[in-house]
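Enquirer: Here you go, one structure.
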Amino acid sequence: MRIDVLTIFPAYLDALDLSLVGKARRDGLLDLRVHDLRAWTTDRHRTVDDTPFGGGAGMVMRPDIWGKALDDVLATGSVPAPATETPAVGLDHPAPAAAVTLTPAPRQVLLVPTPSGERFTQAMAEDLARADQLVLACGRYEGIDARVAEHYGASSSVEVREVSLGDYVLNGGEVAALVIVEAVARLLPGVLGNPDSLVEESHGAAGLLEYPVYTKPPVWAGLEVPEVLTSGHHGKVARWRRDQALVGTARRRPDMVAALDPHQLDRADRVVLAGQGWFVPAGGRPARVTVRHGRAEDAAALAELAAFTFPLACPPHMAVQDIQAFISEHLTSAHFDAYLADAARYQVLTAESADGVLVGYTLTVLPLSADEPPYADDVAALVTARPAAELSKVYVLPDYQGSGVAGVLLEATAADLAVRVVDGVAPAALWLGTNKANRRAQRSYQRAGFTVVGTRRFRVGDSLEEDLVMVRDLRAGEAAEVGETTGPTSGTR
Ligand code: SAM
């Protein structure tokens, strides 16, 4: 690849003689030429700038000087590379007179660094690494006369890209040129000793920041290298690194998480993202969902969510009028008003998407005294720990089922119960009833630390339903794993 840098401070680019880029130049992998823009001036003072039309502070670089310089540099780079091997073509090596079989015209890209340009990214570096010639026009003062980019942009043979390093202002384009040359050059074949270094890097194909890296000594300043890295277990190391990349990206670059391709996220990835408040709805990209306590103003939205999700979770044999009757008796806006107003008896947690839509909720019924048994005798006989709270509802919109939202709601429910006190003690157990036929829900609850303790019967209209009763010991510490989406509980109050 050929790269030409035009600047009024050629010495600024001396650093490109060092390290891997310097070696790539010496090895002939990169034909990098640095030109002094003043070589194209004709006056005694070698002037490259003038006052701005329209007035204002500072000076502007003249288009005529830039035009001559760029025409020359682009002309020497525009000679198609012969199909057979010949010496490099450039300012110092004129094109061979006798043409051999010609390849298509070379791809020439004129890069104009400017804080008002498009953001320079790894994806752009990858694209630029496929060009034949990059020409970098380093501005100074207030920048280069706008007609330069306009003029070359109108040419069919040159691609013009105005590029910004970031949202700050530098004194000149030389630092940008150093950055762009280094980012592009390290992608050229043969430049990096170990091309595998490129595979898992930040901003690569995975769309994640890289995981943290460690070397010897294993303990430094009292800090130990994470144990998994010295385990020799490649699978666990790979999983740990992936988890770290996901967590680090979620914390520092939410914009990158929102852009992740859901097809590249496996179940374990989704659980990790859920722990950071990111969920992958069906058919969509990751979205942020916040779990919080329900507020009085949520009552209507909760009732709507409940009326929508409850029927979807009912067994197919249940009569529509029975389902509707249940909703009218337990899940109207007025009921949620009452639940939200009575914090001693009810805990309501909501999962809210970034655009303010409630996508899930839990309703938990708390005992008012430490020895209050669960409301039904058959359950009271099965759930013996006291105080015992009932997880009456866990519902999530269908799009968010399988996204991990329900698991996070469950963990938040347990965490909130752990800091509540009933007669001076925190609830010891959280129990729920779930339809016997709903295996998926049972597996989810198991993953969230619930175990089956028996069955109970309950009536919805004319149908007598049988539920499994499951209990989570709230004093047993963390559940083994945050469960994925759970199905419904069959709470009856
Ligand atoms: N007046 C310009 C503006 O406000 O957009 C800033 C000109 S700056 C002082 C001079 C030169 O520094 C620019 O022409 C450009 O070459 C370079 N430069 C400054 N900030 C840059 C950035 N964030 N990215 C790329 N180049 C930058």
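Enquirer: Go through region 230-276 and report how many residues are surrounded by 20 or more Cβ atoms within 10 Å (Cβ to Cβ) and not aliphatic (A, V, I, L, M).
Expert: Summing the residues that are surrounded by 20 or more Cβ atoms within 10 Å (Cβ to Cβ) and not aliphatic (A, V, I, L, M) in region 230-276 gives 3.
Enquirer: Go through (1) of a type in the set (S, T, N, Q); (2) open to solvent by 10 Å² or more (accessible area, probe 1.4 Å); (3) in contact with a strand residue (DSSP E or B) (Cβ under 6 Å, 6 or more places away or on another chain) and name the single condition Thr362 misses.
Expert: (2) is the only condition that Thr362 fails.
Enquirer: For residues in region 148-189 being among the β-branched types (Val, Ile, Thr) and in a helix (DSSP H, G or I), which is farthest from Ala123 (Cα to Cα)?
Expert: Taking the candidates together, the pick is Val148.
Enquirer: While we're looking at this one, here's another question. Counting only residues that are away from the ligand (no atom under 15 Å from the Cβ) and over 27 Å from the mean Cα position of the chain (by Cα), which one in region 104-129 is most open to solvent (accessible area, probe 1.4 Å)?
Expert: So the residue we want is Pro104.
Enquirer: Give all pairs with beta carbons closer than 7 Å in which a residue from region 305-326 that is free of Cβ contacts under 8 Å to residues at least 60 places away in the same chain meets a residue that is of a type in the set (Val, Ile, Thr) and open to solvent by less than 30 Å² (accessible area, probe 1.4 Å); count only pairs at least 6 apart in sequence or on separate chains.
Expert: Final answer for the pair search is Ala307/Ile327; Pro311/Ile323.
Enquirer: Given (1) within 30 Å of Ala268 (Cα to Cα); (2) modelled with pLDDT under 95, identify the lone condition not met by Ala429.
Expert: (2)
Enquirer: Follow-up question, since we're still on this one. Tyr375 - would you say it is among the aromatic types (Phe, Trp, Tyr) and open to solvent by 40 Å² or more (accessible area, probe 1.4 Å)?
Expert: yes
Results for (1) exposed (fewer than 15 other Cβ atoms within 10 Å of the Cβ); (2) closer than 21 Å to Asp132 by Cα; (3) touching a residue at least 40 places away in the same chain (Cβ under 8 Å); (4) β-branched (Val, Ile, Thr), shown as yes or no for each residue.
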{"site": "Asp4", "(1), (2), (3), (4)": "no, yes, yes, no"}
{"site": "Leu18", "(1), (2), (3), (4)": "yes, no, no, no"}
{"site": "Thr42", "(1), (2), (3), (4)": "yes, no, no, yes"}
{"site": "Arg62", "(1), (2), (3), (4)": "no, no, yes, no"}
{"site": "Ala69", "(1), (2), (3), (4)": "no, yes, yes, no"}
{"site": "Leu74", "(1), (2), (3), (4)": "no, yes, yes, no"}
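Enquirer: Here is a follow-up. Given the conditions (1) under 18 Å from Asp36 (Cα atoms); (2) more than 11 Å from the ligand (Cβ to nearest atom), which single one is not true for Glu174?
Expert: (2)
Enquirer: In region 434-477, what residues are closer than 21 Å to Ala376 by Cα and of a type in the set (Gly, Ala, Ser)?
Expert: The answer is Gly454, Gly461, Ser463.
Enquirer: If you don't mind, another one. Only residues that are open to solvent by 90 Å² or more (accessible area, probe 1.4 Å) and within 30 Å of Ala183 (Cβ to Cβ): list them for region 213-229, please.
Expert: Answer for region 213-229, where residues must be open to solvent by 90 Å² or more (accessible area, probe 1.4 Å) and within 30 Å of Ala183 (Cβ to Cβ): Val213, Tyr214, Thr215, Lys216.
Enquirer: Something else: Any residue at all in region 120-137 that is in a loop (DSSP other than H, G, I, E, B), farther than 30 Å from Pro262 by Cα and assigned by TED's automatic domain parsing to the domain that holds Val48?
Expert: For region 120-137, residues in a loop (DSSP other than H, G, I, E, B), farther than 30 Å from Pro262 by Cα and assigned by TED's automatic domain parsing to the domain that holds Val48: present.
Enquirer: Restricting attention to region 366-386, report how many residues are touching a helix residue (DSSP H, G or I) at 6+ places or on another chain (Cβ under 9 Å) and under 24 Å from Val408 (Cα atoms).
Expert: 1
Enquirer: Can I ask one more? Do we have any residue at all in region 193-212 that's surrounded by 11 or more Cβ atoms within 10 Å (Cβ to Cβ) and within 16 Å of the ligand (Cβ to nearest atom)?
Expert: No, region 193-212 has no match at all.
Enquirer: I'm trying to understand the selection: among the residues of region 436-478, which are open to solvent by 30 Å² or more (accessible area, probe 1.4 Å) and in a strand (DSSP E or B)?
Expert: Thr451, Val452, Val453, Thr455, Arg457, Arg459, Leu464, Glu466, Asp473
Enquirer: Among the candidates Leu302, Leu391, Leu366, which residue alone is touching a Ser or Thr at 6+ places or on another chain (Cβ under 8 Å), modelled with pLDDT of 95 or more and closer than 21 Å to Val425 by Cβ?
Expert: Leu391
Enquirer: Go through region 46-80 and give me each residue that's of a type in the set (A, V, I, L, M, F, W, C) and in a helix (DSSP H, G or I).
Expert: If the condition is that a residue be of a type in the set (A, V, I, L, M, F, W, C) and in a helix (DSSP H, G or I), then Ile65, Trp66, Ala69, Leu70, Val73, Leu74, Ala75 are the ones that fit.
The values are calculated or read from the model by the stated rules, or taken from the named source; none is laboratory data. Keep in mind that what you see is a predicted model, and the values were worked out from it rather than measured. We place every Cβ from the backbone using ideal geometry, glycine too, and count neighbours over all the protein chains shown. All accessible areas refer to the heavy atoms of the entire protein, side chains included, with ligands and DNA or RNA removed. Shrake-Rupley method; radii C 1.70, N 1.55, O 1.52, S 1.80 Å.
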